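Peer 1: Below: one structure in structure tokens.
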Amino acid sequence: MGKPLIPDGPMTEDAARAQTEALLERLLGAYGQFLRGTLRRMMPRQMGISLDDLEQDVRVRLWRALETEREIVSPSSYLYRIAATATLDAVRKARTRRREVPLDDREEGGMWAAESGGVGTSRFVASGDDPATAAARAQMLERIDRARRSLVPPRDEAVGLHLQGFTTREIGGLLGWTEPKARNLVYRGLAELKTAMGNEGVELEADEE
Amino acid sequence: MKLTKSDLQKLTCGRETGDRTGCPTPEQLAACADGAPSSPLTAHVTAHVAGCSACSSELRVALALRSEWPLETRSVDAPVPFPPARRSYARVAWVSALGTAACVVIALLGRSALDRFSRDPVPAPVLRGAEGIFGDPAPADRTVLDAAPARLSLQIDRTRIDPQATFSVALFDAEATRLWESAAEPAPDFALPDSARSVLRPGVAYGWRVFVRDRVETWQSPLYRFEFRP
């Protein structure tokens with residue numbers, strides 16, 4: 001005779017907690033060290049995010065998830081989703097805080113510099129713009145958006161991602177294309193964009209070496 | 001007016017992002033980076049990211065994190081037991097005596113293990129976001145059948161999942177041991193092979209659930225139980 005699915009008697013809170021703790025230990029035993037190491041290397045420190053806080057947040061999220069989900073089909077992927085979500089939430093919160101900080105007080109350099117316009121020296125991208133420059137930049141962005149939206153799909157998306165700084169390998173990976181296909185679409189898309197920008201009164205020229 | 005390609009990239013990346021209400025959630029960005037080209041979610045996210053510098057920088061973080069992440073290992077890959085052991089940990093002997101007495105009474109009344117489930121149902125473990133996708137199972141949950149089931153099927157709202165999604169079903173015993181798992185099928189309708197049916201014993205409760213995989217997400221249905229008469 002097999003055991004019933006639910007043994008007699010209600011599950012106590014202590015028992016439920018013990019089971020969740022066991023699952024948490026099991027996951028963190030397998031991935032805990034790796035999790036901390038990866039978060040340490042990957043997290044955008046210059047945004048003022050604390051590794052300890054982030055790691056604690058991941059643990060709390062994991063705990064909550066384990067309380068409701070009793071079977072984990074892909075532990076690695078499962079933990080990745082939780083870690084990535086916690087990191088991105090922390091990034092968004094940090095970004096909100098940064099919006100309250102004057103532009104000139106923001107640090108420069110690194111992956112996040114683009115947020116403050118810190119990587120460029122172009123007349124359009126300098127930080128601490130005066131109102132006239134900011135207006136010119138907004139107008140230029142409108143033209144770029146219009147030109148990009150006029151491209152033939154899927155070149156518009158390929159060009160959009162390229163302009164956002166994604167490599168052709170990354171674009172291919174995201175959209176399910178081979179790298180040569182992504183490169184080809186970006187190349188053709190940029191050529192098309194040049195024409196479309198011309199129609200907007202902007203001449204696209206090659207970068208100076 | 002002249003503009004170089006570098007200017008173009010710096011302008012686009014440097015765009016200040018104000019209202020984020022239309023942006024994908026961190027969960028969606030993480031799922032997109034987790035790899036599922038050509039899924040509706042990825043298409044939605046990448047189309048948005050192509051024009052949003054804040055989301056593009058976040059997606060890049062998620063991609064960087066994913067690239068560092070290990071592939072699935074087997075070390076903790078065994079299914080975590082279901083259902084949560086709803087066991088009383090009271091340490092007094094009379095509890096087990098009472099339990100035994102209750103079992104005898106129930107047996108005398110001809111009630112099956114599944115009858116007890118209806119009074120104390122197992123919480124359905126449904127992954128986040130899957131609510132409402134799963135419809136009626138066949139056989140229905142907590143059914144006592146005349147014989148081991150030949151088929152297991154589940155109604156699913158196909159409009160809410162990737163058309164390319166595949167389905168599999170897993171059969172468990174009460175200790176969460178996976179007795180059998182089907183191959184991936186295009187529809188959530190599964191014939192139980194004789195090899196799977198032959199391990200089932202009458203009077204014993206079994207559980208099954210369906211997994212939906214669309215290359216971004218793996219969703220699992222609630223757990224459905226059945227037993228069959230001798």
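The values are calculated or read from the model by the stated rules, or taken from the named source; none is laboratory data. Bear in mind that the values here come from a model prediction, so they are computed numbers and not experimental data. Cβ placement follows ideal geometry from the backbone for every residue including glycine, while neighbour counts extend to all protein chains displayed.
Peer 1: Tell me, yes or no, whether the range A:5-21 has at least one residue that is at the interface with chain B (Cβ under 7 Å from one of its Cβ atoms), in contact with a strand residue (DSSP E or B) (Cβ under 8 Å, 6 or more places away or on another chain) and at pLDDT below 80. Steps first, please.
Peer 2: Going through the range A:5-21, the residues at the interface with chain B (Cβ under 7 Å from one of its Cβ atoms) turn out to be A:5-12, A:14-16, A:19.
Keeping just the survivors that are in contact with a strand residue (DSSP E or B) (Cβ under 8 Å, 6 or more places away or on another chain) gives A:5.
In the following step, the residues that additionally are at pLDDT below 80 were identified as A:5.
Yes - at least one qualifying residue is present in the range A:5-21.
Peer 1: Could I ask something else about it? So A:Pro180 passes all but one of these: (1) free of Cβ contacts under 8 Å to residues at least 24 places away in the same chain; (2) within 19 Å of B:Thr4 (Cα to Cα); (3) surrounded by fewer than 17 Cβ atoms within 10 Å (Cβ to Cβ). Which condition number does it fail?
Peer 2: That leaves (2) as the condition not met.
Peer 1: Answer yes or no as to whether A:Arg59 is touching a residue at least 24 places away in the same chain (Cβ under 8 Å), out of contact with any helix residue (DSSP H, G or I) (no Cβ under 6 Å at 6 or more places or on another chain) and either outside any helix (DSSP H, G or I) or surrounded by 13 or more Cβ atoms within 10 Å (Cβ to Cβ) (or both).
Peer 2: Here the answer is yes, as A:Arg59 does meet what is asked.
Peer 1: Which ones in the range B:40-55 are of a type in the set (A, V, I, L, M) and in a loop (DSSP other than H, G, I, E, B)?
Peer 2: Of the range B:40-55, the ones of a type in the set (A, V, I, L, M) are B:41, B:43, B:45, B:47, B:49-50, B:54.
Answer for the range B:40-55, where residues must be of a type in the set (A, V, I, L, M) and in a loop (DSSP other than H, G, I, E, B): just B:Ala50.
Peer 1: Working only within the range B:171-230, note down all residues that are modelled with pLDDT of 90 or more, acidic (Asp, Glu) and within 30 Å of B:Thr46 (Cα to Cα).
Peer 2: B:Glu185
Yes/no matrix, rows are residues, columns are (1) in contact with a Pro (Cβ under 8 Å, 6 or more places away or on another chain); (2) assigned to a loop (DSSP other than H, G, I, E, B); (3) away from chain A (no Cβ under 14 Å):
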residue: B:Ala147; (1), (2), (3): no, yes, yes
residue: B:Leu152; (1), (2), (3): yes, no, yes
residue: B:Gln155; (1), (2), (3): yes, no, yes
residue: B:Leu171; (1), (2), (3): no, no, no
residue: B:Ala174; (1), (2), (3): yes, yes, no
residue: B:Leu200; (1), (2), (3): no, yes, no
residue: B:Val204; (1), (2), (3): no, yes, no
residue: B:Arg209; (1), (2), (3): yes, no, no
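Peer 1: Within the range A:27-56, track down each residue that is under 18 Å from the mean Cα position of the chain (by Cα) and without any contact (Cβ under 8 Å) to a residue 12 or more places away in the chain. Break it down into steps so the answer makes sense when it comes.
Peer 2: Quick first cut of the range A:27-56, residues under 18 Å from the mean Cα position of the chain (by Cα) only: A:35, A:38-51, A:54-55.
Scanning the range A:27-56 gives A:Arg40, A:Arg41, A:Arg45, A:Ser50.
Peer 1: Moving to a separate point now. Every residue in the range A:137-169 that is in a loop (DSSP other than H, G, I, E, B) and either surrounded by 23 or more Cβ atoms within 10 Å (Cβ to Cβ) or among the hydroxyl-bearing types (Ser, Thr, Tyr) (or both), please.
Peer 2: First, the residues of the range A:137-169 that are in a loop (DSSP other than H, G, I, E, B): A:150-154, A:164-167.
Those that are in a loop (DSSP other than H, G, I, E, B) and either surrounded by 23 or more Cβ atoms within 10 Å (Cβ to Cβ) or among the hydroxyl-bearing types (Ser, Thr, Tyr) (or both): A:Ser150, A:Gln164, A:Phe166, A:Thr167.
Peer 1: Scan the range A:191-207 for residues that are more than 7 Å from chain B (Cβ to nearest Cβ) and either under 24 Å from the mean Cα position of the chain (by Cα) or charged (D, E, K, R) (or both) and report the count.
Peer 2: 3
Peer 1: Can you go through B:Ser168, B:Ser182 and tell me which one is free of Cβ contacts under 8 Å to residues at least 24 places away in the same chain and closer than 30 Å to A:Gly173 by Cα? So that I can check it myself, show each step before the final result.
Peer 2: Values: B:Ser168 fails: free of Cβ contacts under 8 Å to residues at least 24 places away in the same chain.
Only one candidate passes the filter, namely B:Ser182.
Peer 1: A further question on this structure: Among the residues of the range A:202-209, are any over 27 Å from B:His44 (Cβ atoms) and crowded, with 16+ Cβ neighbours inside 10 Å? Let's see the steps before the verdict.
Peer 2: Applying the first criterion (over 27 Å from B:His44 (Cβ atoms)) to the range A:202-209 yields A:202-209.
Remaining after also requiring crowded, with 16+ Cβ neighbours inside 10 Å: A:202, A:204.
Yes, because at least one residue in the range A:202-209 is over 27 Å from B:His44 (Cβ atoms) and crowded, with 16+ Cβ neighbours inside 10 Å.
Peer 1: Related question: If I go through the range A:183-193 residue by residue, how many of them are surrounded by 16 or more Cβ atoms within 10 Å (Cβ to Cβ) and charged (D, E, K, R)? Let's see the steps before the verdict.
Peer 2: First pass over the range A:183-193, keeping only residues surrounded by 16 or more Cβ atoms within 10 Å (Cβ to Cβ): A:183, A:185-186, A:189-190, A:192-193.
When the remaining residues are screened for being charged (D, E, K, R), the result is A:183, A:192.
Number of matching residues: 2.
Peer 1: Separate question: Within the range A:36-54, does at least one residue satisfy the condition of being crowded, with 17+ Cβ neighbours inside 10 Å, under 17 Å from B:Ala62 (Cβ atoms) and modelled with pLDDT of 85 or more?
Peer 2: Scanning the range A:36-54 turns up at least one residue that is crowded, with 17+ Cβ neighbours inside 10 Å, under 17 Å from B:Ala62 (Cβ atoms) and modelled with pLDDT of 85 or more.
Yes/no matrix, rows are residues, columns are (1) over 30 Å from B:Thr177 (Cβ atoms); (2) at pLDDT 75 or above; (3) more than 7 Å from chain A (Cβ to nearest Cβ):
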site: B:Thr17; (1), (2), (3): yes, no, yes
site: B:Thr46; (1), (2), (3): yes, yes, no
site: B:Cys52; (1), (2), (3): yes, yes, yes
site: B:Ala62; (1), (2), (3): yes, yes, no
site: B:Arg66; (1), (2), (3): yes, yes, no
site: B:Asp77; (1), (2), (3): no, no, no
site: B:Val80; (1), (2), (3): no, no, no
site: B:Arg91; (1), (2), (3): no, no, yes
